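> This is the structure, below, for whatever I ask next.
Just so it is clear, none of the values below were taken in a lab; they were calculated from the coordinates. Please read all numbers here as calculations on a predicted model, not as lab measurements. Every residue, glycine among them, receives a Cβ derived from its backbone with ideal geometry; neighbour counts consider all protein chains shown.
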Amino acid sequence: MKRYRGKTVLITGASSGIGLEFAKSLAQSKANLVLTARSEQTITEMARMFQNEQNIKAHAFAADLSTQSGPHALFKKITDAEIDVDVVINNAGFGKWGAFESVDCATYESMCMLNINAVTVLTHLFLPQMLKKGSGGFLNVASTAGFQPVPYFATYSATKSFVLSFSEALAEEYRGRGITVTCLCPGGTESNFHNISKMDRRKLSSLHSADTVAKLGLQAFLSGKLTLIPGARNYLLVNSSRFSPRSVVAKVTAMMFKP
Ligand SMILES: NC(=O)c1ccc[n+]([C@@H]2O[C@H](COP(=O)([O-])OP(=O)(O)OC[C@H]3O[C@@H](n4cnc5c(N)ncnc54)[C@H](OP(=O)(O)O)[C@@H]3O)[C@@H](O)[C@H]2O)c1
């Protein structure tokens, strides 16, 4: 795909942070938008604003993607409205920081459902129409946390390893069939993520802006890149761990993330 103009892009987690910035950038590029998150009022107002200010088509469908039925119900609403989605941005996600046993099991279940299950199901549901057209694809948001084990963020980092591996595998599986899959792997980024994860702010250094991260992700998708890690420091951190034993990497990340 060469440009976003006139294409229809579904953004999950569009109500805040990186998702909100994807929506702003895409509206400026004159893409049509399908926004989803649980915050119905926020995404409805966003859709109205983009439609008026950017003269594009923008729809809002509220969904809780951490439930079994959520991704299916969202797909049904979109197809019932006869909206033909060209690109899916699987962005919604959350993490919880702390000793594994200090977070309740229901939270981990929701995290796995949102960060893993929703990505898998939405990809499976939207893929056939893209293959039929022979164009479009998926921009999946993982994390630098997905490249190695992260003690005290164990479940979250494992869900992001899933997104990274899943995206790389599908990119190869569908190469040559007109669609592309890009995995955006941000490091620390300004958003609501850190309030929700309850991560100690003192452990966070030099956060990227959500705007920068979203723009880099959108460019990477258009250029057919497999993965994108925003920022030279994040790129170096991720790649330096590749040549160390995983047990050593886990010890280093444990020191960085220990509460
Ligand atoms: N910020 C970082 O440092 C960072 C670093 C690496 C990767 N990431 C990844 O970037 C992605 C976007 O996060 P962000 O930083 O922009 O955080 P954010 O500001 O907290 O945004 C998360 C988005 O996900 C939506 N969401 C949460 N739970 C949901 C649910 N059950 N069903 C549907 N939507 C739900 C939220 O909307 P509602 O609350 O309205 O549902 C919100 O729009 C996530 O996948 C995150 O893991 C973030």
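> Looking only at residues in segment 116-144 that are within 11 Å of the ligand (Cβ to nearest atom) and of a type in the set (Ser, Thr, Tyr), which one is surrounded by the fewest Cβ atoms within 10 Å (Cβ to Cβ)?
Thr144
> Working carefully through the options Ile89, Ile43, find the one that is touching a strand residue (DSSP E or B) at 6+ places or on another chain (Cβ under 7 Å) and closer than 16 Å to Thr123 by Cβ. Lay out the reasoning, then the answer.
Numbers: Ile43 fails: closer than 16 Å to Thr123 by Cβ.
Answer to the selection: Ile89.
> Okay, next question. Just one of Ser69, Ser110, Ser102 is in contact (Cβ under 8 Å) with a residue 40 or more places away in the chain, out of contact with any strand residue (DSSP E or B) (no Cβ under 7 Å at 6 or more places or on another chain) and among the polar types (S, T, N, Q); which is it? Let's see the steps before the verdict.
Values: Ser69 fails: in contact (Cβ under 8 Å) with a residue 40 or more places away in the chain; Ser102 fails: in contact (Cβ under 8 Å) with a residue 40 or more places away in the chain.
That would be Ser110, the only listed residue that is in contact (Cβ under 8 Å) with a residue 40 or more places away in the chain, out of contact with any strand residue (DSSP E or B) (no Cβ under 7 Å at 6 or more places or on another chain) and among the polar types (S, T, N, Q).
> Looking only at helices (runs of 4 or more DSSP H) that lie completely in segment 160-259, which have at least 2 residues being farther than 19 Å from Leu20 by Cβ and not polar (S, T, N, Q)?
On the way: elements: 193-197, 210-222, 232-240, 246-257.
Where helices (runs of 4 or more DSSP H) fall fully within segment 160-259 and carry at least 2 residues being farther than 19 Å from Leu20 by Cβ and not polar (S, T, N, Q), they are 232-240, 246-257.
> Return the total of residues in segment 128-159 being aliphatic (A, V, I, L, M), in a helix (DSSP H, G or I) and within 17 Å of the chain's Cα centre (by Cα). Spell out how you get there, then give the answer.
Taking segment 128-159 as the starting set, the residues that turn out to be aliphatic (A, V, I, L, M) are 130-131, 139, 141-142, 145, 150, 154, 158.
Next, only the ones that are in a helix (DSSP H, G or I) stay: 130-131, 145, 154, 158.
Going one step further and asking which of them are within 17 Å of the chain's Cα centre (by Cα), we end up with 145, 158.
Final tally of qualifying residues: 2.
> How many residues does segment 103-115 contain that are away from the ligand (no atom under 12 Å from the Cβ), under 27 Å from Asn234 (Cβ atoms) and assigned to a helix (DSSP H, G or I)?
1
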